[in-house]
Amino acid sequence: MIPLLAQVTADQIHPLVQFIIGGSAAVFLLNQAITFWKEHMREKPVPGETYATKEEMRQAHGRMNRERDEANGKIAAAEAIARAAAVKVETEVKAVERAFVEAVAQIRRDGEARVTGVQQAIDGWRKEMADEHKDDTDKLHERITELLSAFSELKGEFHATKS
């Protein structure tokens, strides 16, 4: 049976402490040995298999530069096409705008000419009607004058008989 730590006497504690310290040192040394073997003693791959060489880096860098230059060239070409299209669209929009303004002006001139023609026609019809009915109008005015005189006479006679 293993005695509990609280039951251990002073003369028994000394060998127990030595055992614990020795065990800890052994575990530490074993850990250091395993770490050393992992880092230094096992077989390592050749650096050329793991890492890129200077020549491979130069080739990769050159390839990336060429691809970047090609992409920049394509972007520049696309921008040039876009600028040309924008200029063409702007020109066409201005041409359509000029045509629209001219069409509106022509419609306005045609409308004004029609209005003038209609006004002249109406004025001509009024004059014709006035000329045609001038005699009738004069006759109507004469008849109205005669009727008013007759009413005045009747009114005078009516007042005379009433008084």
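The values are calculated or read from the model by the stated rules, or taken from the named source; none is laboratory data. No experiment lies behind these values; they were computed from the predicted model shown. Cβ sites come from the backbone with ideal geometry, for glycine too, and all protein chains shown count toward neighbours.
Data for the structure
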| item | result |
| --- | --- |
| Residues being acidic (Asp, Glu) and surrounded by 10 or more Cβ atoms within 10 Å (Cβ to Cβ) - total across segment 133-143 | 2 |
| Residue satisfying condition, being in a helix (DSSP H, G or I) and in contact with a Ser or Thr (Cβ under 9 Å, 6 or more places away or on another chain), within set 86, 80, 130 | 130 |
| Check on residue 107, part of a helix (DSSP H, G or I), of a type in the set (Val, Ile, Thr) and modelled with pLDDT under 95 | yes |
| Failed condition for residue 53, given (1) in contact with a Pro (Cβ under 9 Å, 6 or more places away or on another chain); (2) β-branched (Val, Ile, Thr); (3) modelled with pLDDT of 90 or more | (3) |
| Residue in segment 59-82 that is surrounded by 10 or more Cβ atoms within 10 Å (Cβ to Cβ) and at pLDDT below 90 present | no |
| Residue selected from segment 110-131 under the condition modelled with pLDDT under 80 and surrounded by 10 or more Cβ atoms within 10 Å (Cβ to Cβ), by the criterion farthest from the chain's Cα centre (by Cα) | 130 |
| Residue list for segment 35-94, restricted to those being of a type in the set (A, V, I, L, M, F, W, C) and more than 28 Å from the chain's Cα centre (by Cα) | 36, 37, 41, 46, 52, 57, 60, 64 |
